Every structure is written in structure tokens, then in C-alpha cells.
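Let me begin by presenting the structure, written as C-alpha cells, before commenting on it.
Throughout, read-outs are computed from the coordinates displayed, never taken from laboratory work. Because the structure is predicted, anything quoted here is derived from the model rather than measured. Because the Cβ atoms are built from the backbone with ideal geometry, glycine has one as well, and the counts that use them run over all protein chains shown.
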């Protein structure tokens, strides 16, 4: 076999090995962004996946145990489609409707960490974690969108010339 043929075969083997590694690990590590309704509809299929879910926090469900530390709270379904949010009157209107609707899909979240400062009633968390058999989402990470009160105006120092 010539040197050129060996080089081509070695190159093909490397490409195949890299492809197998990418395909083999992507399915296990991919994070699926879902609404609460979509996650609950998956049933047992959701138990083996790392997922990302968003919603609105129900403030009266926040329980913080600082000695552990652990925080538990419930999020309620908000639409994932921006057009649906716009048709409903905007993000604030959608969140108000969601937290007021006792029939809206809900999901309990458990975070084994300190309570995030921005975790409050009507906050919009993006929760990454795993759905357990008990129906609770055990969060690896909770990201909170800035409250709308910070987006309304510029800070004083930014307005000064």
C-alpha cells in the first residue's frame, strides 16, 4: 500500500471516530428547551433527559431552607411562542394570567443551593435539570430574567451627560 493510500485511510478513520463520538454524546448531553406542558406530556420519556424549562414563579410556594441549603418553588406554564405572548398583551399580561390560573400546568422545582436573590413572585426562571420519578424537577441551575422594573428606565448615572 502506498503512503498516499495509508494517509487517506487514516484520515477516514479519524473522521469516522470523531463522528461516532459526537453522535454518541450529543443525545445524552443535549438540553431540550420545553414548556411545562410539553415536559409533563413526555411522561417517563423525560426522566432520562437533561431539560431546560421556563415559567413564572408562584411566590407563595417558595420555601428556603438555608441550613441545607435548598430552595423549593413552583413554576407555572407561560406560552413559549413569542407571537402568542404578543397576542395576549405582552409578557406582563401573560405572567399575570398564568399565576392567576389555578388550572395552568405547574411544576415543582428543587434547587440544592442558596436562594437566588431575584427569586420572587412572578419571576421568570429558566431552570436546567432532570425530571425525577417523583414529578419534581431537580435543578442543576436556575437562571432568572431581570425583573421588568429594571428595564423601564435607565439608571441615574447613565442619564447624566
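Below, the figures for the structure above:
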| item | result |
| --- | --- |
| Selected residue [surrounded by 10 or more Cβ atoms within 10 Å (Cβ to Cβ), over 21 Å from the mean Cα position of the chain (by Cα) and closer than 20 Å to residue 141 by Cβ] from 75, 68 | 68 |
| Residue 53 touching a strand residue (DSSP E or B) at 6+ places or on another chain (Cβ under 7 Å) and in a strand (DSSP E or B) | yes |
